[in-house]
1. Counting only residues that are more than 22 Å from residue 39 (Cβ to Cβ) and assigned to a loop (DSSP other than H, G, I, E, B), which one in region 57-78 is nearest to the chain's Cα centre (by Cα)?
2. Only one of 20, 13, 30, 35 is within 20 Å of residue 100 (Cα to Cα) and of a type outside the set (Phe, Trp, Tyr). Can you tell me which?
3. Which members of region 193-214 meet the condition of being surrounded by fewer than 20 Cβ atoms within 10 Å (Cβ to Cβ), in contact (Cβ under 8 Å) with a residue 60 or more places away in the chain and not hydrophobic (A, V, I, L, M, F, W, C)?
4. Within the bounds of region 38-55, is there any residue that is free of Cβ contacts under 8 Å to residues at least 24 places away in the same chain, in contact with a Gly (Cβ under 7 Å, 6 or more places away or on another chain) and over 30 Å from residue 189 (Cα atoms)?
5. Do we have any residue at all in region 179-186 that's more than 27 Å from residue 46 (Cβ to Cβ) and in a helix (DSSP H, G or I)?
6. List the number of the failed condition for residue 43; all other conditions in (1) on the phi < 0 side of the Ramachandran plot; (2) of a type outside the set (Val, Ile, Thr); (3) modelled with pLDDT of 95 or more hold.
7. Would you pick out the residues in region 12-22 that are buried (at least 20 other Cβ atoms within 10 Å of the Cβ) and either charged (D, E, K, R) or not in a loop (DSSP other than H, G, I, E, B) (or both)?
Amino acid sequence: MNNLIAPSVLAADFANLQRDIEMVNNSEADWFHIDIMDGVFVPNISFGMPVLKAIAKHAKKTIDVHLMIVNPDQYIETFAALGANILTVHYEACTHLHRTVQAIKATGMQAGVALNPHTPIAVLEDIITDLDLVCIMSVNPGFGGQSFIENTYKKVSQLKQLIEFTNSTCKIEIDGGVTDKNANALIEAGANVLVAGSYVFGSENPTETIANLKNSIA
C-alpha cells in the first residue's frame with residue numbers, strides 16, 4: 001500500500017486559496033484534507049459548503065473531507081454532491097455508526113471514521129471491515145498547530161493489528177502534529193496517510209516541504 005500525504009487546507013492562506021490549491025495540485029501530495037468544523041462538536045468553526053465547492057472546482061486530487069460536526073448524517077448527500085471522495089465522521093458524534101457508514105457508501109464515497117485521542121481502538125472492532133479509512137487524531141481536534149500526542153504510536157500499532165486480524169483493507173490516517181520528525185515512525189507503526197497542515201503551509205517552500213515529507217516515507 002502506497003504511503004500518502006494529505007495537506008490540510010485548514011492551514012492554507014484563505015486570502016490566496018486558489019493559489020494554495022494549485023500548489024497542492026502541482027506538488028507530490030496525494031490528497032486534499034478538508035476539515036469541516038461546526039463550533040459545537042469542536043470549539044472552532046471552519047469553512048462550510050461554499051468554500052468546499054470552490055476548492056472542489058480547482059482540486060485535481062482526491063478530496064478527503066473530515067467532518068468534526070454533530071449530526072453528520074443530515075449532510076452526507078450534500079458533501080457527496082459537492083465532490084468529496086472520502087467522507088470521515090467522528091465515532092464520538094455518531095449514535096448509529098454502522099448506519100452512517102452505510103449511508104456514506106451508498107452515495108459512492110469512501111467511508112472513514114475518526115477517533116479522538118481519548119477514544120480506544122477497541123470501539124471499531126465491530127465495524128472495521130466496513131471502513132475504507134480510520135483517522136487517528138494525534139492532537140485534540142479543533143485547532144491547527146498543536147503538539148503531537150505521543151500515545152498515537154501505540155494506537156496506530158493496535159489499529160494495524162486489528163486490521164490484519166480482520167483482513168480489513170482500510171487505510172490508517174494520522175491527523176495532527178505531523179512533521180518530518182515523526183512521519184517515518186508513524187509509517188513504521190502502520191500508518192498509510194499523513195495529514196500535514198501548518199507544517200506544510202507554514203513553511204517557506206510548501207512544495208519542497210511536501211516533497212521532503214513524501215520522500216521520508218517512501
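1. My answer is 61.
2. 35
3. Passing the criteria: 198, 202, 207, 214.
4. yes
5. yes
6. For residue 43, the failing item is (3).
7. Selection gives 20, 21.
The values are calculated or read from the model by the stated rules, or taken from the named source; none is laboratory data. All of these numbers come straight from a predicted model, not from anything done at the bench. Don't worry about glycine lacking a Cβ; one is built from the backbone with ideal geometry, like all the others, and counts go over all protein chains shown.
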